[in-house]
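Here's the structure, in structure tokens; my notes come after.
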Amino acid sequence: MEKRNLNFQADKIEMVFAAHKAPARVWGGRLTPRTVQFHIAPAANTRLSKLESLTEEVALALGTPTARLTRSNGTLSIEVPRSDSRFVSLSQLDARLQSDEHLRRALASPGTAILGMDSEGVPLLLRLSSPDVAHCLIAGTTGSGKTELARTIITSLFMHQKPRDIQFALFDPKGHGLAPFTQAAHLVFPIVSDPDETMVRMRFLVSEMERRDRELLERPRVIIVIDELADLLQMCGAELEALLTRLVQRGRSAGFSLVACTQKPSTRVVGSLVKANFPVRLVGRVASTDDARVAAGIGGSGAEKLAGRGDFVLIAGGQTIRFQVAYIQQDEIVALIDRRYNEIAEPSFGARVLGRLRRIK
């Protein structure tokens, strides 16, 4: 964006605040791939609640869909969407991470996935094997980018970790969100779409978790990914909810993690399962403040004001981090799987487990 245009927008923001007797000065800012952040310094007698109430007026003055008041590390900012927004490329971000020896070793650790880039331009990683993480919920309306985020997590894991270290159990009720991973060597069993088969596979995963828990086994780590949790719960009922609850309550010590996506994060649909079992929430744009509160587990996350298309907040350990999802196209995923499959010469855990599953049918 041109500096002249940014200065013009900064002047407009100051004029809006001054016109409503809430003086504040714009003293700098930051460009991210999707947003512009204008750092502001309020006058001594200007209340933050007053500035918060003026975000709609700021958006109207700048001709943008939304504006948010944010605070990070003591810096107060007005954040608006960029008119020339850009996506974060997973392949480019991964190449950047691979140039750092420490980060390269971190990505080779079982359960460490790439999420994207935070609002300060810093790559954001998630370690599912951490005791503070284990399971995470991805929530957002259609178009928020939740399925793309799930694909990014899965892709970044199989890019750097072998089947002996990590395995995937993928459940895709709609039959297309996780389809690019059909030929991945890391699968415990073929991708599941049918409700009846879902129950068979989930019962097996619970029994396998209990066996590993008794025998104190943690490897290979098993990542269970559900593309639409609410739909699956509605189709399969209370038994599935009970199985999932058991997995998230006892799975961490046995090396099991659950990554669940939902576009209906209401209390009525997923409340009892979600409420206490997902320490990490990845929340995209949602329909209302009520949905934002249920999905985030806290109030005031601002998820209802996100721009969509990969604009997310991470909520974990009392922290809220805004980030842009790293994006990868489906044909790129298929090409990576083909190349990765040819690189892997070891028998996979998935092949052995699949034989056991066939016998219990």
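The values are calculated or read from the model by the stated rules, or taken from the named source; none is laboratory data. As the structure is a computational prediction, the values presented were derived from the model and not from experiment. Because the Cβ atoms are built from the backbone with ideal geometry, glycine has one as well, and the counts that use them run over all protein chains shown.
Key figures
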| quantity | calculated |
| --- | --- |
| Within the stretch 230-247, tally of residues that are in contact (Cβ under 8 Å) with a residue 60 or more places away in the chain and crowded, with 22+ Cβ neighbours inside 10 Å | 1 |
| Residue match in the stretch 207-223 (condition: farther than 19 Å from ARG252 by Cβ, outside any loop (DSSP other than H, G, I, E, B), out of contact with any Lys or Arg (no Cβ under 8 Å at 6 or more places or on another chain) and basic (Lys, Arg)) | no |
| Residues of the stretch 190-206 that turn out to be part of a loop (DSSP other than H, G, I, E, B) and touching a strand residue (DSSP E or B) at 6+ places or on another chain (Cβ under 7 Å), as a count | 1 |
| In the stretch 265-286, the residues that are part of a loop (DSSP other than H, G, I, E, B), modelled with pLDDT of 85 or more and surrounded by fewer than 23 Cβ atoms within 10 Å (Cβ to Cβ) | PRO279 |
| Only listed residue being outside the structural domain of LEU314 (by TED's automatic domain parsing) and either among the polar types (S, T, N, Q) or more than 24 Å from THR35 (Cβ to Cβ) (or both), chosen from SER99, SER129, SER72, SER119 | SER72 |
| Residues of the stretch 307-354 satisfying the condition of being modelled with pLDDT under 90 and among the hydroxyl-bearing types (Ser, Thr, Tyr) | THR320, TYR341, SER348 |
| Complete set of residues in the stretch 81-96 that are within 16 Å of PHE8 (Cα to Cα) and either charged (D, E, K, R) or at pLDDT 90 or above (or both) | ARG82 |
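Matching residues to (1) of a type in the set (A, V, I, L, M); (2) out of contact with any helix residue (DSSP H, G or I) (no Cβ under 9 Å at 6 or more places or on another chain); (3) over 26 Å from ILE114 (Cβ atoms):
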residue	(1), (2), (3)
ALA169	yes, no, no
ASP213	no, no, yes
ILE224	yes, no, no
MET235	yes, no, yes
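Every residue, every condition in (1) more than 23 Å from the chain's Cα centre (by Cα); (2) of a type in the set (A, V, I, L, M); (3) at pLDDT 90 or above, yes or no:
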site	(1), (2), (3)
ALA179	no, yes, yes
HIS186	no, no, yes
SER193	no, no, yes
LEU205	yes, yes, yes
ARG211	yes, no, yes
ARG221	no, no, yes
ASP227	no, no, yes
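Conditions tested, residue by residue: (1) touching an Asp or Glu at 6+ places or on another chain (Cβ under 7 Å); (2) closer than 20 Å to ALA134 by Cα; (3) not assigned by TED's automatic domain parsing to the domain that holds SER130.
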| residue | (1), (2), (3) |
| --- | --- |
| SER193 | yes, no, no |
| VAL200 | no, no, no |
| MET209 | no, yes, no |
| ARG212 | no, yes, no |
| GLU215 | no, yes, no |
| GLU218 | no, yes, no |
| LEU229 | no, yes, no |
